Amino acid sequence: MNPRVRTELHAHTTVSDGMLGPSELVALAAARGVEVLAITDHDTTAAYSDALYEEAETLGVELIGGVEASARTPHDDVHLLGLGIDPVAEGLLQLTERLGTARIDRARAIVEKLQGLGLDLSWSAVERRAGAVVTRPHVAGALVEAGHVTDIREAFDRFLARGAPAHVPLRVISAVDWIAAIRNAGGLAFLAHPGDSTAHRTVTHLVDAGLDGFEVWHPSHDDTLVEYYRNLADRFGLLTSGGSDFHGRFEAESERLGEFGPTRDRWDQIRARWTA
């Protein structure tokens, strides 16, 4: 039996689209017995501070640098997890600043489209909900608050999802640039929640660009996908990671925090790569 390590390597805070602040997330992780925590907010590392590292240490949680990066390949847009990064590395911050601006531009364009559809929604209603970056869930929350939809899911289905009338694509950065920045920041780059729709040509492009591994364990992956990506990682000589993709929107998310970490042998491989 190869036990799973109590790590949480994919979690979001109010700095992007999570429901808990960084300190609250650290406290919850400690209460859940999580040994290692990476905060992987979308396209920002603004959750990290010296004070947060101190809080985590006091509570017995090892806090490691993380980010979930919105990336472009020649074939698809993907999300990459940067784990073990220096959250204030200059090259990384240059990319997060670019994405922050792109996210504001997209959100403003979405609001304009919604207004064009006859919905009474102001930019300020979205902006006040956001943290360091503006995400579609912030727009969805503003739509709920204004009474245009009953919940976040309806907001996406009717207006915000790809193909919906107010959808605006995010102007993202190439995976090649992201992987280089993550590596230069001392971290490892993983393909986040690849699921069953990531084309093999996208995978091979990322591997050629220097990808370090796959996020194998994720709530959206059944046993078949876990086995597939674990075997694919072994075939390419890559690492395997896992995380619950915590946002804190539902009680079930709190209960699974720390439940999707890699097995002990796989975690040891990640540790060895960091210290190599």
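Any read-out appearing in this document is the output of simple, stated calculations on the displayed coordinates, not a laboratory observation. Note that this is a predicted model, so its numbers are computed, not measured. Because the Cβ atoms are built from the backbone with ideal geometry, glycine has one as well, and the counts that use them run over all protein chains shown.
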| request: Quote the charge dipole size of the stretch 107-160 about the Cα centre in Debye, to the nearest 20; the model charges only the Cβ of Lys and Arg (+1) and of Asp and Glu (-1). | output: 160 debye
| Assigned charges on the beta-carbon of Lys, Arg, Asp, Glu; the chain dipole about Cα centre (debye) | 640 debye
| Theoretical gain in end-to-end length, residue 146 to residue 271 [0.36 nm per residue, Cα-Cα removed] | 40.3 nm
| remark: Highest mean packing first, using Cβ neighbours within 10 angstrom, the peptides 61-68, 211-218 sort as 211-218, 61-68
| query | For the charge dipole of the chain, defined by +1 on Lys and Arg C-beta atoms and -1 on Asp and Glu C-beta atoms about the Cα centroid, which residue among 194, 109, 7 has the Cα displaced farthest towards the positive pole? | reply | 109
| task | Have a look at 260, 274, 244 and report the one farthest towards the positive end of the charge dipole of the stretch 214-276, computed about the Cα centre with Cβ charges (Lys/Arg +1, Asp/Glu -1). | result | 274
| query | How much net charge surrounds residue 194 when only other residues with a Cβ under 11 Å from its Cβ are counted (Lys, Arg +1; Asp, Glu -1)? | reply | -3
| query | Taking the Cα centre of the stretch 1-155 as origin and charging only Cβ (+1 Lys, Arg; -1 Asp, Glu), how large is the dipole, in debye to the nearest 20? | reply | 480 debye
| field | Percent antiparallel among DSSP beta bridges (both partners in the chain, rounded to 5) | value | 45 percent
